[in-house]
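Undergrad: To start, I am sharing the structure in question, which I have written as structure tokens.
The values are calculated or read from the model by the stated rules, or taken from the named source; none is laboratory data. Quick caveat, the model's predicted, so the values are computed rather than measured. Backbone-built Cβ (ideal geometry, glycine too); neighbour counts: all protein chains shown.
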Amino acid sequence: MTLPRGVAMAQQTTPDRHAATDRQAALRPTASAEATEAASYPRERARARTLPRMLAMAQPVIALVDERPAPPPLRLVHTVEKRASDRERWDRRLLNIAVAAVGLVLAFPLMLVIAALIKLTSRGPVLFAQTRVGLDRRFLTYAGGNTRRHIDQGGHPFTMYKFRTMRPARPEDAQTWAQPDDARVTPIGRLLRVFRLDELPQLFNVLMGDMNIVGPRPEQPTIFVYLREQIEGYQWRQRVRPGITGWAQINQGYDTSVDDVRRKVRYDLEYIKRQSALEDFRIMLRTVPVMVLGRGGW
């Protein structure tokens, strides 16, 4: 008894997805060596090679990093990048030290004579020591001054030395300018002021680093605070080291009013713009005839 053909074929035939029939195998061409080798690979690798190439896999991976610069930190006070460096290089400082040292050696005999005359003609000390406002080394801010200080003196205070030309002041006396016919000036002091010889002890201030030979003249703290309120830009004189002589001193005499100071400030700011060792040396040379001829002194 034979089974129906359709049933026998259903039991004996393997589905096409698992194995090829003999007829299909006969129709296929003979496989090459590469095909045979590829067929020997694991089925998982073969399937991986036949996966469709996705667009996302073909594109390079981009890191999600924010390349924008970080915002600056919040500050209550914005500082201006301007430091009081005095623009003083080693050559300029060396010039000041050399001139001060040579000046002390040459003027030492004259200074001894002056000291003796002061001691013999009036009572009091030979040297006059007074607090003056020096170089301002602080940062400037838009808020004005230095917010870390409770009292703004305008600069670093230092003790300036001069030969005494007046009678000793009393503690209760106010700080004022000297006048041309000031009764406080002694006879020998008047002679010293005419030829600017009372400034010779300030050569020691130059050696100590408080002053330069050339620069704006330092002022007393009380007068400085007053002038800072009266004259615009007056405090910018303190951005450089004060001096014994300067561009204002060889063009103008002693101060007697606010208008005199206002003109002197213009000279000082003009000097600050072109400050250099060569400019200092030129002003030193022009100071000699001012002292010898007694111009602007009284």
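Undergrad: Which of the residues belonging to the range 116-133 are under 42 Å from the mean Cα position of the chain (by Cα) and of a type in the set (Gly, Ala, Ser)? Before you say what the answer is, go through the steps one by one.
TA: Step one: of the range 116-133, the residues under 42 Å from the mean Cα position of the chain (by Cα) are 125-133.
Within the range 116-133, just 129 meets the criteria.
Undergrad: Just a yes or no: is a residue in the range 284-295 under 26 Å from residue 93 (Cα atoms) and touching a helix residue (DSSP H, G or I) at 6+ places or on another chain (Cβ under 6 Å)?
TA: no
Undergrad: Also, quick follow-up: Which of the residues that make up the range 269-298 are free of Cβ contacts under 8 Å to residues at least 24 places away in the same chain and among the charged types (D, E, K, R)?
TA: Pass one, the range 269-298, residues free of Cβ contacts under 8 Å to residues at least 24 places away in the same chain: 270, 273-274, 278, 282, 285, 288-289, 293.
Those that are free of Cβ contacts under 8 Å to residues at least 24 places away in the same chain and among the charged types (D, E, K, R): 270, 273, 274, 282.
Undergrad: Next question, about the same structure. Residues of the range 215-268 being part of a loop (DSSP other than H, G, I, E, B), closer than 22 Å to residue 138 by Cβ and in contact (Cβ under 8 Å) with a residue 12 or more places away in the chain, which ones?
TA: Pass one, the range 215-268, residues part of a loop (DSSP other than H, G, I, E, B): 215-220, 231-233, 240-242, 246-257.
From the residues that got through so far, the ones that are closer than 22 Å to residue 138 by Cβ too are 215-220, 231-233, 240-242.
Residues satisfying the conditions are 215, 216, 217, 218, 219, 220, 231, 233, 240, 241, 242.
Undergrad: Does residue 282 satisfy being part of a helix (DSSP H, G or I) and either acidic (Asp, Glu) or more than 26 Å from the chain's Cα centre (by Cα) (or both)?
TA: Details: part of a helix (DSSP H, G or I): yes; either acidic (Asp, Glu) or more than 26 Å from the chain's Cα centre (by Cα) (or both): yes.
Taking the combined requirement at face value, the residue satisfies it.
Undergrad: Here's another thing I want to ask about it. Return yes when residue 146 is more than 25 Å from residue 101 (Cα to Cα) and either outside any loop (DSSP other than H, G, I, E, B) or modelled with pLDDT under 85 (or both) and no when it is not. Before the answer, list the steps.
TA: Numbers: more than 25 Å from residue 101 (Cα to Cα): yes; either outside any loop (DSSP other than H, G, I, E, B) or modelled with pLDDT under 85 (or both): yes.
Spelling it out, residue 146 is indeed more than 25 Å from residue 101 (Cα to Cα) and either outside any loop (DSSP other than H, G, I, E, B) or modelled with pLDDT under 85 (or both).
Undergrad: Determine whether residue 257 is more than 22 Å from residue 103 (Cβ to Cβ) and out of contact with any Asp or Glu (no Cβ under 6 Å at 6 or more places or on another chain). Please lay out each step first, then the result.
TA: Details: more than 22 Å from residue 103 (Cβ to Cβ): yes; out of contact with any Asp or Glu (no Cβ under 6 Å at 6 or more places or on another chain): yes.
It is true that residue 257 is more than 22 Å from residue 103 (Cβ to Cβ) and out of contact with any Asp or Glu (no Cβ under 6 Å at 6 or more places or on another chain).
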